[in-house]
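These notes are about the structure you will find just below.
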Amino acid sequence: MSQKHGNLSINSENIFPIIKKWLYSDHDIFMRELISNGCDAITKLKKLEIMGEYTFPDDFESKIQIIVNPEEKTLKIIDNGLGMTADEVEEYINQIAFSGATDFLEKYKDKTNEDQIIGHFGLGFYSAFMVADEVHIDSLSYKEGAAAVHWECDGGTEYDMKEGDKETVGTEITLFLNEDCLEFANEYRAREVIKKYCSFMPTNIYLEKANAEPEYETILPEEKTDKDTVIETIIEEAKTEEKENENGEKEIVEISPRTEKLKILKRPVPLNETHPLWTKHPNDCSDEDYKKFYRDVFQDFKEPLFWIHLNMDYPFNLKGILYFPKINTEYDSIEGTIKLYNNQVFIADNIKEVIPEFLMLLKGVIDCPDLPLNVSRSALQNDGFVKKISDYISKKVADKLSGMCKTDKESYEKYWDDISPFIKFGCLKDEKFCEKMTNFILFKNLDDKYLTLPECLETPEKEETEQKDEVDVEVVDEDTKSEDDGEEEAPKKIIYYVTDVQQQSQYINMFKEEGMDAVILTHNIDQAFISHLEQKNEGIRFQRIDADLTDSLKEETADDDEELKATTDTLTKLFRKALGKDSLEVKVEKLKNENISSMVTLSEDTRRMQDMMRMYNMYGMDPNMMPSNETLILNANNQLVQYIFNHKDSEHVPMFCEQLYDLAMISHAPLAPEAMTKFVARSNEIMMLLTK
């Protein structure tokens, strides 16, 4: 082939500033692109061999070689794939796969953003010019009688191409690195980038440093292969020692036999795993395989709780493994990593178009060759197909979890506390996921027993008679009710809950004494979650255990109990005056437990509004400035309350009123620092009365 000097087939003065601006966000991605191109070339050659159009040499080993040379500031990527002829270099390299940069920019300027603009063209090779001032290609095609080709370009629009001297089939790309990118000629930096992007590419990748001192290892003769270069044979003679035998006679005894070892050039070790775990069938993978893969990929030495192996060929090709790590208590501290691959080529972490948002709390890998990627392989083109993949992943996770709850509830319960924030977040974010999982959400009750939502709604047999006319568990469709039919809204089934087992212990004890139950919701996602459940199931109402005083805790009294009304009026005036709270709402009830003197209740709606204001800091308002709607409950059956009523004119009654109020508040919420200081001082003063 005669030497050829020409211009690249583009109309712009220089295509490379465009490539450098729009092609990739991270310069180190050039390594992935060039290595991936080499893998593609090898894969194509293997297919030709299968079709009988090519025969590999006897000692053929498909591989990619990376050679760094810090002295010459170069980096070589060498593959033994199908190579290129001069015509193919002309087609695939010189014409840059599109008619012209000017036409291209004009065509797409109004249809896409800068990050997507290159996505329609095969420009992976040209990523080399992001880090190199000059690039050389030496290639020899697999085709019979093909001549080697040498091509070089300095980053402008001109190139030189002539017959080369490469003797083996494949392609060698040499990058003459620019001053800003000399880091890539460093062996350790190159290894880091290869590990990042190419850990699971389907062809062995080897890294070496040019002119490095040779390294050696020793092997047994039977371990030698034809590819080993033997430097020398090392013989260790047998070792003997004089010892005394059973008869007391001395004799020479061999303590180690004669050994023979071979000193060889150190065998190259690939940097990648060509058959990652997700490419295998789940039946061929052991628990230890999954755990080891998790440790190696995520550098997390805490064992995952369990995992889901995705393996789908139709209607699209998708494989992967999702791990459920042990989730931290605080929701905000949960961090996951889902690595996205395309034909074992790393694309990016946590691409939101493919991975449902709630799944990003997990760790795992997903490989989908069918994804419509742009040329940088790091941004997805808009495609409804992507949404289908996302929905499929969400469905598989829901199927796994619901199946576990049905068939292995013991394990499901064991994992629940760790995975519940993830599942609840998924229900908040994904409607279909919520529909599948609603009946498999677990609630821990006061006896530490796990109940599903349907089980929480079941009416205990002993209460069926008295409650059958009061409770409607069915979901009410408000849209089907006539505005004129005059029907009252169906009563809701109330599920009581606890947010702090210690703080609300008084209420818990009262519930247990009456055989009542509540569920424990201590995570900060729970408030949003129960509101979501109420919206989805209109016949359900969640109410904190201290939001109101249920009839089950009180003695029955007549509506016209004049004595109780008089007691209420008197105690209301006493407590309002003693506390300086003219608007304080006071109720006097006859509680079944006479040992309880006072309680505070706060309506569920008020509490939720305050929580929401705290969470979102709404309008800079102080949630405590909002009307509290708190109610002080006094027990008419308690001796302390009776003493205050009967000694209303005593000088100590105001102090006792304050004390009962603070005792009620302590079982409801922590006292403010100033109030706690007063409570302690007052407690001391009350005890001093006993010494007089």
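The values are calculated or read from the model by the stated rules, or taken from the named source; none is laboratory data. These figures come from a predicted structure and were not determined experimentally. A quick note on method: Cβ atoms are made from the backbone with ideal geometry, for glycine too, and the neighbour counts reach across all protein chains shown. Protein only, heavy atoms only, side chains kept; ligands, DNA and RNA dropped before computing areas. Shrake-Rupley method; radii C 1.70, N 1.55, O 1.52, S 1.80 Å.
Of everything in region 283-303 that is of a type in the set (A, V, I, L, M, F, W, C) and part of a loop (DSSP other than H, G, I, E, B), the residue that is surrounded by the most Cβ atoms within 10 Å (Cβ to Cβ) is CYS285. Taking GLU172 as the residue in question, decide whether it is acidic (Asp, Glu), surrounded by 15 or more Cβ atoms within 10 Å (Cβ to Cβ), closer than 19 Å to GLY124 by Cα and within 45 Å of the chain's Cα centre (by Cα). For GLU172, the condition - acidic (Asp, Glu), surrounded by 15 or more Cβ atoms within 10 Å (Cβ to Cβ), closer than 19 Å to GLY124 by Cα and within 45 Å of the chain's Cα centre (by Cα) - is met. Tell me whether region 546-556 contains one or more residues that are over 22 Å from SER667 (Cβ atoms) and open to solvent by 10 Å² or more (accessible area, probe 1.4 Å). Yes, some residue in region 546-556 is over 22 Å from SER667 (Cβ atoms) and open to solvent by 10 Å² or more (accessible area, probe 1.4 Å). Restricting LEU82, LEU23 to those that are buried (at least 23 other Cβ atoms within 10 Å of the Cβ), at pLDDT 90 or above and out of contact with any Pro (no Cβ under 6 Å at 6 or more places or on another chain) reduces the list to LEU82. Whenever a residue of region 502-526 is at pLDDT 85 or above and in a helix (DSSP H, G or I), its partners that are β-branched (Val, Ile, Thr) and open to solvent by 40 Å² or more (accessible area, probe 1.4 Å), lying with C-beta atoms within less than 8 angstrom and at least six residues away or across chains, give the pairs ILE508/VAL501.
Across region 312-327, the qualifying residues are those that are over 19 Å from LYS292 (Cβ atoms) and not aliphatic (A, V, I, L, M), and the one among them that is surrounded by the fewest Cβ atoms within 10 Å (Cβ to Cβ) is TYR314. Restricting region 356-383 to residues that are in a strand (DSSP E or B) and at pLDDT 80 or above leaves a set whose member that is farthest from SER127 (Cα to Cα) is LYS363. The single condition among (1) out of contact with any strand residue (DSSP E or B) (no Cβ under 9 Å at 6 or more places or on another chain); (2) open to solvent by 40 Å² or more (accessible area, probe 1.4 Å) that GLU594 does not satisfy is (1).
Is there a residue in region 632-647 that is small (Gly, Ala, Ser), modelled with pLDDT of 75 or more and part of a loop (DSSP other than H, G, I, E, B)?
Within region 632-647, the subset small (Gly, Ala, Ser) is 636.
Add one more test, that the residue is modelled with pLDDT of 75 or more, and what stays is 636.
In the following step, the residues that additionally are part of a loop (DSSP other than H, G, I, E, B) were identified as 636.
Yes, region 632-647 has at least one match.
Within region 42-62, residues that are open to solvent by 80 Å² or more (accessible area, probe 1.4 Å) reach partners that are part of a helix (DSSP H, G or I) with beta carbons closer than 8 Å, at six or more positions or on different chains, in the pairs THR55/GLU49.
Looking across region 240-282, the residues that are open to solvent by 50 Å² or more (accessible area, probe 1.4 Å), out of contact with any Asp or Glu (no Cβ under 9 Å at 6 or more places or on another chain) and either assigned to a helix (DSSP H, G or I) or closer than 24 Å to LYS339 by Cα (or both) come down to HIS275, HIS281. Of the residues making up region 183-199, those that are in contact (Cβ under 8 Å) with a residue 12 or more places away in the chain, open to solvent by 20 Å² or more (accessible area, probe 1.4 Å) and not charged (D, E, K, R) are ASN186, SER199.
Report yes if some residue within region 64-71 is open to solvent by 10 Å² or more (accessible area, probe 1.4 Å), within 19 Å of TYR126 (Cβ to Cβ) and out of contact with any Asp or Glu (no Cβ under 8 Å at 6 or more places or on another chain); otherwise report no. No, region 64-71 has no match at all.
Which one of these is over 31 Å from the mean Cα position of the chain (by Cα) and basic (Lys, Arg): LYS536, LYS554?
Details: LYS536 fails: over 31 Å from the mean Cα position of the chain (by Cα).
One residue alone meets the criteria, LYS554.
Every condition in (1) farther than 30 Å from ASP26 by Cβ; (2) at pLDDT below 85 holds for ASP287 except the one numbered (2).
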